[in-house]
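S.K.: Below is a structure I'd like to ask you about.
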Amino acid sequence: MPWLLTVAAPAEAEAVLGGLGVDAGLPAEWDVLDVSDHICVIVTGIAKSNAAAATAMALGSRTFGAVLNLGIAGSLPIATPLGLGDTVIATRSIYADEGLALPDGSFIGCGDMGFPLGPFDDWGVRGAPDLLDRLAGLASVTAPIATVSTCSATDALARSVVERTWAVAEAREGAAVGHVAARLGVPFLEMRAVSNTTGDRSRQQWSIRAALERVRELAAGIAAEAAR
């Protein structure tokens, strides 16, 4: 069964298709593009709602052996932060802001409030162990990635994401794609390249071009592994 690669934004999709050796233009959002017997691609649009809906539609229409979410991400302020262009495979794709924020700065997840989000704990969807084993060599690190609705453009918000999730990077779609995959019993993995730092906007560092080149390389590596 082919693997489905989900990507959000057009620039990310162009990088993925380039890594797969596809010269044609981008498919329409939510249309599944058959690249080979082993790989399909869908462009979901950005953020959780688009990512979940497009993934659900694709998985409801045909059978896939795995779902992988690819794209760029912002590094979070951990003790040894990722560098621009570094790549990370998510051991867990974590909903960072689905819950209750309290006045003392603490955070309660939906499950602890009595409203579990799905067939996983509040800290998100775990990467499929088999996929992690097969693809870990493509990335700089394997570690949690946070899924956020609001990107961290203040130091306080970036620190709070780390404190809630222990993630090394944040993006906007991974946990939503994984959520659908978990509901439907399809193995899932999120893979990202760091395009920027988070924290106060005026001090952020950016290298989108380098990150997209790494996404291109990730896609090529995935295709080679899927064909084995």
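S.K.: Jot down the per residue volume, in cubic angstrom and as a whole number, of the convex hull over the alpha-carbon atoms of segment 13-144. Don't skip to the end; give the middle numbers.
M.R.: Numbers: hull volume 19.7 nm³, N = 132.
Hull volume over Cα atoms, normalised by residue count, gives 149 Å³.
S.K.: For segment 127-168, would you read off the P(r) tail past 13 Å as a percentage of all alpha carbon pairs?
M.R.: Working: 529 of 861 pairs.
Result: 61 percent of Cα pairs exceed 13 Å.
S.K.: How big is the dipole moment of segment 1-120 about its Cα centre under a simple scheme where the beta carbon of each Lys and Arg is +1, that of each Asp and Glu is -1, and everything else is neutral? Debye, nearest 20, please.
M.R.: My answer is approximately 220 debye.
S.K.: How far, in degrees from 0 to 90, does helix 10-19 lean away from the longest principal axis of the Cα atoms of the chain, to the nearest 10?
M.R.: The answer is roughly 50 degrees.
S.K.: If I stretch the segment between ARG228 and ASP133 completely, what's the gain in nm (0.36 nm per residue apart, minus their alpha carbon distance), one decimal? Before the final figure, lay out the partial values.
M.R.: Details: separation 95, 0.36 × 95 = 34.20 nm, distance 1.41 nm.
Length gained between ARG228 and ASP133: 32.8 nm.
S.K.: Out of all DSSP beta bridges with both ends in segment 72-197, state the antiparallel percent to the nearest 5. The partial results should precede the final answer.
M.R.: Values: 11 of 24 bridges.
Given both bridge residues lie in segment 72-197, the antiparallel proportion sits at roughly 45 percent.
S.K.: Tell me the angle of helix 208-226 to the major Cα principal axis of the chain, expressed in degrees between 0 and 90 and rounded to the nearest ten.
M.R.: 50
S.K.: Counting only protein heavy atoms and using a 1.4 Å probe, what share of the accessible area of segment 82-228 belongs to carbon plus sulfur, as a whole percent? Display every interim value, and only then the final one.
M.R.: Details: 3530 of 6700 Å².
Of the solvent-accessible surface of segment 82-228, carbon and sulfur hold 53 percent.
S.K.: For the chain, what proportion of DSSP beta bridges, expressed in % and rounded to the nearest 5, is antiparallel? Walk me through the numbers on the way to the answer.
M.R.: Details: 15 of 42 bridges.
In the chain, approximately 35 percent of DSSP beta bridges are antiparallel ones.
S.K.: Related question: Please build a GNM for the chain, connecting alpha carbons under 10 Å apart, and tell me which residue among LEU138, LEU189, LEU33 fluctuates the most.
M.R.: LEU33
S.K.: Pulled fully out, how much extra length does the chain show between THR80 and ARG159, if you take 0.36 nm times their separation in residues and subtract their Cα-Cα distance?
M.R.: 27.1 nm
S.K.: Mind checking the dipole of the chain: about its Cα centre, +1 per Lys or Arg Cβ, -1 per Asp or Glu Cβ, Debye to the nearest 20? Spell out each step's value before the answer.
M.R.: Details: 16 positive and 25 negative charges, 26 e Å.
For the chain, the charge dipole is close to 120 debye.
S.K.: Separate question: Dipole magnitude of segment 55-123 about its Cα centre, charges +1 at Lys/Arg Cβ and -1 at Asp/Glu Cβ only, in debye to the nearest 20?
M.R.: On the way: 2 positive and 7 negative charges, 80 e Å.
So the magnitude is around 380 debye.
S.K.: Quick check: the angle from helix 155-165's long axis to the longest principal axis of the chain, C-alpha only, nearest 10 degrees?
M.R.: With rounding to tens, the tilt is 70 degrees.
S.K.: Keeping every protein chain present and rolling a 1.4 Å probe, give me the accessible area per residue for segment 1-74 in Å². Before the final figure, lay out the partial values.
M.R.: Details: 2800 Å² over 74 residues.
Accessible surface, normalised per residue, equals 38 Å².
S.K.: Looking only at ALA96, ALA143, ALA169, which one moves most when the chain is put into a Gaussian network model with springs between Cα atoms under 10 Å?
M.R.: Its mean-square fluctuation being the largest, the pick is ALA143.
S.K.: Let me ask something additional. Please work out which option in (i) 24, 24, 16; (ii) 27, 20, 15; (iii) 22, 22, 19 gives semi-axes √(5λ) of the Cα gyration tensor in Å calculated from these coordinates, and answer with its label.
M.R.: Label (ii) holds the value from this structure.
S.K.: Take the Cβ-Cβ distance between ASP200 and CYS110 as r, set R0 to 30 Å, and report the resulting FRET efficiency rounded to the nearest 0.05. Spell out each step's value before the answer.
M.R.: Numbers: r = 29 Å, r/R0 = 0.97.
According to the calculation, E is roughly 0.55.
S.K.: Using the Cα atoms as the points, what is the convex hull volume per residue of segment 94-165 in Å³? Write out the running numbers ahead of the final one.
M.R.: Working: hull volume 7.5 nm³, N = 72.
Normalising the Cα hull of segment 94-165 by residue number yields 104 Å³.
S.K.: Would you work out which of CYS110, LEU84, ASN69 lies farthest towards the positive end of the dipole of segment 41-120, given +1 charges on the beta-carbon of Lys and Arg and -1 on that of Asp and Glu, about the Cα centre?
M.R.: The residue sitting farthest along the positive end of the dipole is ASN69.
S.K.: If you split all Cα-Cα distances of segment 123-215 into 5 Å bins from zero, what percentages do you get per bin, shortest first?
M.R.: 3, 13, 21, 23, 20, 13, 6, 2, 0
S.K.: Next up: Suppose we keep just the DSSP beta bridges with both residues in segment 61-142; what percent of those would be antiparallel, to 5?
M.R.: Details: 6 of 8 bridges.
So the antiparallel bridges amount to about 75 percent of the total.
S.K.: Decide, for segment 1-77, between rounded, prolate and oblate: order the square roots of the alpha carbon gyration tensor eigenvalues as a ≥ b ≥ c, take rounded if a/c falls under 1.5, and otherwise choose prolate if a/b is larger than b/c, else oblate.
M.R.: oblate
S.K.: Moving to a separate point now. Mean residue ellipticity at 222 nm from the helices of the chain, using -39,500 (n - 2.57) per DSSP H segment of n ≥ 4 over the full residue count, to the nearest 500 deg cm²/dmol? Please list the in-between numbers first.
M.R.: Numbers: 6 runs with 73 residues, N = 228.
Here the helix-only value at 222 nm equals -10000 deg cm²/dmol.
S.K.: Compute a Gaussian network model of the chain, connecting alpha carbons closer than 10 Å, and tell me which residue from ALA146, ALA28, ALA90 fluctuates the most.
M.R.: Result for the chain, Cα springs under 10 Å: ALA28 fluctuates most.
S.K.: First obtain the Kirkwood hydrodynamic radius of segment 69-110 from its Cα pairs, then insert it into the Stokes-Einstein equation at 4 °C and 1.567 mPa s, and state the resulting D in µm² per second as a whole number.
M.R.: Numbers: Rh = 13.0 Å.
The calculation lands on 100 µm²/s.
The values are calculated or read from the model by the stated rules, or taken from the named source; none is laboratory data. Because the structure is a prediction, the values reported are computed rather than measured. Don't worry about glycine lacking a Cβ; one is built from the backbone with ideal geometry, like all the others, and counts go over all protein chains shown. To get the accessible areas, we keep the full protein, side chains included, count just its heavy atoms, and leave off ligands, DNA and RNA. Shrake-Rupley method; radii C 1.70, N 1.55, O 1.52, S 1.80 Å.
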